[in-house]
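S.K.: Take this structure, written in structure tokens, and hold onto it; I'll ask about it next.
Each reported figure results from applying straightforward, stated rules to the coordinates on display, with no laboratory input. Predicted model, so just to flag it, every value in this text is computed and none were measured. Glycine also receives a Cβ, built like all others from the backbone with ideal geometry; neighbour counts cover every protein chain displayed.
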Amino acid sequence: MEKTRYGLLIEDIFKGFEVLSGNTEIVDQDLALGIVRIRVIGPVILRALWEKSYLKLWILIGGIAFTVISVLTFFIIKKRRISTLPKPSDIDKIEKYMEKLERLRERGKISEEAYSRLKAEYEEKLKKLKRGY
């Protein structure tokens with residue numbers, strides 16, 4: 001035999017011969033090279049033994065599945081990250097609130113207690129927004 005494997009994704013692999021009838025003895029056998037030496041004593045009926053291998057097909061399916069899952073995961077994570085990032089306008093808005101709060105304090109339109117509480121709240125929000133970048 002010239003080749004012991006045939007097929008692209010699903011391979012037929014030669015495993016040897018089976019003697020169905022007759023008198024023979026196997027002298028030497030090297031399946032990797034496709035060599036079998038048989039001593040035949042009279043008429044003989046042989047059957048070639050082949051096995052199907054799906055290994056390459058499963059590797060291809062696994063590779064495609066891995067690629068699809070990786071790409072989908074990448075886009076899902078990217079979309080979530082983009083949607084959770086604060087917008088610059090959110091930061092600007094908080095900074096304007098803080099400026100307005102300062103002006104209200106300077107004019108005496110807000111109590112020190114309310115000023116301190118609101119300033120701490122705005123600073124915390126601002127810190128969280130800037131950490132998101």
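S.K.: How large is the dipole of the range 87-133 about the Cα centre if only Lys and Arg carry +1 and Asp and Glu carry -1, each at its Cβ, rounded to the nearest 20 debye?
M.R.: 160
S.K.: Further, regarding this structure: Before anything else, pin down the relative contact order of the chain: Cα pairs under 8 Å, at least 6 apart, normalised by residue count, whole percent.
M.R.: Working: 131 pairs, mean separation 26.0, N = 133.
Once divided by the residue count of the chain, the mean separation gives 20 percent.
S.K.: Over all Cα pairs of the range 5-53, how is the pair count split among 10 Å bins, expressed in % and running from 0 up to the last occupied bin?
M.R.: 24, 46, 23, 6
S.K.: I'm checking a number: the convex hull volume of the Cα atoms of the chain, normalised per residue, in Å³. What is it?
M.R.: 161
S.K.: Would you compute, from DSSP H runs of 4+ residues alone, the mean residue ellipticity of the chain at 222 nm, taking -39500 (n - 2.57) per run and dividing by the full residue count, rounded to the nearest 500?
M.R.: -18000 deg cm²/dmol
S.K.: In the chain, if the dipole is taken from +1 on Lys/Arg beta carbons and -1 on Asp/Glu beta carbons about the Cα centre, which of L101, S21, L46 is farthest to the positive end?
M.R.: Ranked along the dipole, the leading option is L101.
S.K.: On to the next question. Can you tell me the dipole magnitude for the chain around its Cα centre, using point charges on the Cβ only (Lys, Arg +1; Asp, Glu -1), in Debye to the nearest 20?
M.R.: 1120
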